[in-house]
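Student: Shown below is the structure under consideration.
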Amino acid sequence: MSVKMTQPSAATLVINEIYKSVQGESSHAGFPCTFVRLAYCDLRCVWCDSEHTFYKGDKMSLATILDEVKRLNVPMVEVTGGEPLLQPNVHPLMTALADQGCKVLLETSGAHDISPVDPRVHTIMDLKCPDSGMCGKNRLENIPLLQKKDEVKFVLASRKDYEWARNMIARHDIEKRAGEILLSAVFTKIDPKQIVEWLLADHLPVRFQLQMHKYIWEPTTRGV
């Protein structure tokens with residue numbers, strides 16, 4: 001379902017930051033990318049690395065956001081947060097970005113309905129594992145809505161998280177729905193090698209990933 005933007009100058013979003021960097025995760029890792037980071041999140045994952053988005057941001061018109069993206073001149077744009085789907089005007093923003101020829105990525109927690117997302121947008125949905133403390137917030141009705149352009153991410157902090165993710169992949173046929181399944185380690189909480197050993201032993205059809213930006217820059221660096 002596409003939500004059309006008829007008056008971009010009148011619509012606004014609360015934005016935490018806009019910057020360009022390299023994509024640190026997903027199947028697009030390593031590519032130059034503009035990040036539009038929205039404010040606010042209704043989840044509180046115990047390992048969250050984006051607490052600065054919970055309450056802080058500046059109101060910007062969609063026209064101003066689009067101008068800033070154009071100025072940065074990177075055709076891949078990730079809309080992230082926080083939780084971007086908390087602000088309804090994110091939908092006309094993503095549609096406008098796609099209309100401008102951008103490759104648009106949406107990073108979302110999976111706790112909110114993805115059905116209104118413009119079909120041109122590549123959704124990266126983060127299903128929350130038990131150790132996040134937010135597992136009960138997963139909106140499983142989103143899983144049948146996934147398309148082959150979309151990706152599902154599991155952030156793991158323990159063997160329990162790994163087994164939960166493995167079971168979710170099988171129970172919901174996620175391999176048949178999403179184009180990529182991503183497993184990543186909570187930074188400094190689990191040895192990445194351990195996850196790789198588990199997925200190899202189980203022959204899981206997944207892509208293992210590290211948060212590339214945390215190895216290029218100091219892990220707490222903003223705007224990268």
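Each value in this text was obtained by applying a stated rule to the coordinates, not by laboratory testing. Worth saying up front: this structure is predicted, and the values here are computed from it rather than measured. Glycine also receives a Cβ, built like all others from the backbone with ideal geometry; neighbour counts cover every protein chain displayed.
Student: Could you give the longest part of the chain that holds none of the trypsin sites (Lys or Arg not before Pro) found in DSSP loops with at most 10 neighbouring Cβ atoms within 10 Å?
Tutor: Working: sites that count: LYS4, LYS148.
Looking at the chain, 5-147 is the longest stretch - no exposed trypsin sites (Lys or Arg not before Pro) with at most 10 other Cβ atoms within 10 Å.
Student: For segment 92-98, what does the Karplus curve 6.51 cos²θ - 1.76 cosθ + 1.60, with θ = phi - 60°, yield as ³J(HN,Hα) per residue in whole Hz, taken in order and with x for Gly and Pro?
Tutor: x, 4, 5, 5, 5, 4, 5
Student: Can you compute 3J(HN,Hα) from phi for each residue in segment 80-90, using the Karplus curve 6.51 cos²θ - 1.76 cosθ + 1.60 with θ = phi - 60°, rounded to whole Hz and x for Gly and Pro?
Tutor: After applying 6.51 cos²θ - 1.76 cosθ + 1.60, I find 9, x, x, 10, x, 6, 6, 9, x, 6, 5 Hz.
Student: Taking 8 Å as the Cα distance limit and 6 or more residues as the minimum spacing, I'd like the relative contact order of the chain as a percentage.
Tutor: 19 percent
Student: Would you kindly derive the ³J(HN,Hα) couplings of segment 34-47 from the backbone phi angles with the Karplus curve 6.51 cos²θ - 1.76 cosθ + 1.60 (θ = phi - 60°), listing them in order in whole Hz, with x for Gly and Pro?
Tutor: With the stated coefficients, segment 34-47 comes to 8, 10, 10, 9, 7, 7, 5, 8, 9, 9, 9, 4, 5, 9 Hz.
Student: Same structure again: Once a ≥ b ≥ c are taken as the square roots of the eigenvalues of the Cα gyration tensor of segment 1-123, is the result rounded (a/c under 1.5), prolate (a/b larger than b/c) or oblate (a/b not larger than b/c)? Before the final figure, lay out each step's value.
Tutor: Numbers: a/c = 1.30, a/b = 1.15, b/c = 1.13.
Cα axes put segment 1-123 in the rounded bin.
Student: For MET76, what residues show an amide H to amide H distance below 5 Å, using hydrogens built from the backbone and excluding near sequence neighbours?
Tutor: THR34, LYS103
Student: Taking H as built 1.01 Å from N, whose amide H comes closer than 5 Å to the amide H of ASP126, not counting residues under 5 places away?
Tutor: THR108, SER109, GLY110, LYS153
Student: Starting from the Kirkwood Rh over alpha-carbon pairs, what translational D in µm² s⁻¹ does the chain have by Stokes-Einstein at 37 °C and 0.692 mPa s?
Tutor: For the chosen part, D equals 185 µm²/s.
Student: Give the shape of segment 131-224 as rounded, prolate or oblate, defined through the alpha-carbon gyration tensor: a ≥ b ≥ c are the square roots of its eigenvalues, a/c under 1.5 means rounded, and otherwise the shape is prolate if a/b is larger than b/c and oblate if not.
Tutor: The shape class here is prolate.
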